[in-house]
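Okay, so here's the structure we're looking at.
The values are calculated or read from the model by the stated rules, or taken from the named source; none is laboratory data. Bear in mind the structure is a predicted one, so any value in this text is a computation, not a measurement. With ideal geometry, Cβ positions are generated from the backbone for all residues, glycine too; neighbour counts draw on all protein chains shown. Areas reflect the complete protein model, heavy atoms only, side chains present, ligands, DNA and RNA absent. Shrake-Rupley method; radii C 1.70, N 1.55, O 1.52, S 1.80 Å.
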Amino acid sequence: MASQAEILNDGRFSCVTRDPRFWEMPEKERKIKIDKRFRAMFHDKKFKLKYTVDKRGRPVNYTSTENLRKFYALSESDSDISEDDSKERTERKKKKKKAKPKGEADS
């Protein structure tokens, strides 16, 4: 087999290095961006399937949610919003827990 450098120096294949169709896709563009409406698919039981073998019969040790994480990503603006929402939810839960014993003492 010829080495990679020999192939690139060959005149027949020199256009491959300059042609954007053959460039590798950047990591940021590889995943499809989805908004916060669909973030439940990463942790919902309806979307989780446990595979034991792949389509060719080889044993597999991953679930369908790992595949989802490989191909989909939350959009940047929505992930920031979701982080803020989660912080607000935890603060609300803390406030409710603190307020709940006071309400129970009154009744």
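Below is a table of values for the structure above.
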{"read-out": "Residues (within 30 Å of GLU29 (Cβ to Cβ) and either open to solvent by 80 Å² or more (accessible area, probe 1.4 Å) or at pLDDT 80 or above (or both)) located in the range 85-103", "value": "LYS87"}
{"read-out": "Residue in the range 18-34 that is of a type in the set (Asp, Glu), under 19 Å from the mean Cα position of the chain (by Cα) and either modelled with pLDDT under 80 or open to solvent by 100 Å² or more (accessible area, probe 1.4 Å) (or both) present", "value": "yes"}
